[in-house]
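Enquirer: Handing you a structure now.
Nothing in this text is a laboratory measurement; each read-out follows from the coordinates by a stated rule. Here the structure is a predicted model, which is why all the values come from computation and not from measurement. Methodologically, a virtual Cβ is constructed for each residue, glycine included, from the backbone with ideal geometry; neighbour enumeration extends over all protein chains shown.
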Amino acid sequence: MELNKSLPSQLKLFNFAKKEISLLGLYQISDFPKISEIASNKKDNVRVDLSFYLKNNKTPCVDGIIDLDIVLACQRCLDDLSIALKVNFHLAFVRHDQQSEELESHYEIYVIEEEELATHDLISDEILLAIPMVPTHDFDCIKEIKKQEVVEGKSENPFAILKKIKIADGGKE
Ligand SMILES: [Zn+2]
């Protein structure tokens with residue numbers, strides 16, 4: 001098994017798998033434009049670990065781990081929301097669908113024609129898949145904001161404040 005310290009820009013799937021190569025790469029969030037668009041901590045590290053091997057003597061596979069902390073905007077209060085992502089994935093690269101029937105179900109199957117894959121695209125896609133669709137704080141962050149508003153607006157007519165809260169709630173309560 002070979003151990004390399006940086007990732008090449010193209011992954012030679014069959015070739016790497018046959019040699020059972022393990023690769024370790026260190027990036028910044030800003031290296032991935034699609035991630036950088038939504039993350040506010042663009043200078044933070046992304047650690048990537050890839051291990052290649054051949055399954056059934058013919059199917060190139062990759063086990064990977066991507067480690068990063070990402071700061072997104074909470075979709076409820078729009079404040080910063082920091083998420084520690086540890087993305088674990090198992091990919092199998094096949095030429096046609098039938099080939100995937102021999103593989104265990106934990107593999108994500110990629111049907112590809114080419115022998116090479118762009119490293120950046122793979123990492124970027126895996127991170128995007130792991131990011132929650134609608135990231136929100138795991139506490140009721142809107143309620144916290146409302147409490148602050150009530151305290152700030154103390155001198156107002158208390159009934160006027162109540163009305164405001166009801167409207168903000170969409171009339172749920
Ligand atoms: Zn929030």
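Enquirer: Which FRET efficiency, nearest 0.05, do residue 14 and residue 120 yield, Cβ-Cβ r, R0 22 Å?
Expert: Working: r = 20 Å, r/R0 = 0.91.
Using R0 = 22 Å, I get an efficiency of 0.65.
Enquirer: Okay, moving on. For segment 29-37, just list the computed ³J(HN,Hα) in residue order, Karplus coefficients 6.51, -1.76 and 1.60, θ = phi - 60°, integers in Hz, with x standing in for Gly and Pro.
Expert: 4, 5, 6, 10, x, 5, 7, 4, 4
Enquirer: Still on this structure, please answer the following. Can you list the residues, at least 5 places off or on another chain, whose amide H is less than 5 Å from the amide H of residue 28, using H built in the peptide plane?
Expert: 46
Enquirer: Rank-order 90-97, 65-72 by packing density, defined as the average count of other C-beta atoms within 10 Å over each peptide's residues, highest first.
Expert: Details: 90-97: 16.1, 65-72: 17.8.
Ranking, from highest mean packing down: 65-72, 90-97.
Enquirer: So what is Rg over Rh here for segment 1-142, counting just Cα atoms and using Kirkwood for Rh? All intermediate terms of the calculation are to be shown ahead of the outcome.
Expert: Working: Rg = 16.9 Å, Rh = 16.3 Å.
So for segment 1-142, dividing Rg by the Kirkwood Rh gives 1.03.
Enquirer: Residue separation times 0.36 nm, minus the C-alpha to C-alpha distance between residue 36 and residue 111: what's the value?
Expert: On the way: separation 75, 0.36 × 75 = 27.00 nm, distance 2.77 nm.
Length difference between fully extended and current span is 24.2 nm.
Enquirer: Considering only C-alpha atoms, what is the centroid distance from segment 29-70 to segment 96-130, in Å?
Expert: Cα centroid to Cα centroid, the span is 13 Å.
Enquirer: What length, rounded to one decimal in nm, is gained on full extension from residue 44 through to residue 80, with 0.36 nm per residue of separation minus their alpha-carbon distance? Could the numbers behind the result be given before it?
Expert: On the way: separation 36, 0.36 × 36 = 12.96 nm, distance 1.50 nm.
Full extension from residue 44 to residue 80 adds 11.5 nm.
Enquirer: Give me a comma-separated list of calculated 3J(HN,Hα) values for segment 119-127, in order, Karplus coefficients 6.51, -1.76, 1.60 applied at θ = phi - 60°, integers in Hz, x for any Gly or Pro.
Expert: Rounded to whole hertz, the list is 4, 4, 4, 4, 5, 4, 4, 5, 5.
Enquirer: Could you tell me which GluC sites (Glu not before Pro) in segment 65-120 are loop residues by DSSP with no more than 14 other beta carbons within 10 angstrom of their beta carbon?
Expert: Working: sites: 101, 102, 104, 108, 113, 114, 115, 116; in loops: 104, 113, 114, 115.
When the GluC sites (Glu not before Pro) of segment 65-120 are filtered for loop state and at most 14 Cβ neighbours within 10 Å, 104, 113, 114, 115 remain.
Enquirer: Tabulate in residue order the Karplus-calculated ³J(HN,Hα) for segment 41-49, using 6.51 cos²θ - 1.76 cosθ + 1.60 with θ = phi - 60°, rounded to whole Hz; enter x for Gly and Pro.
Expert: Residue by residue, segment 41-49 yields 9, 5, 8, 6, 7, 10, 9, 10, 10 Hz.
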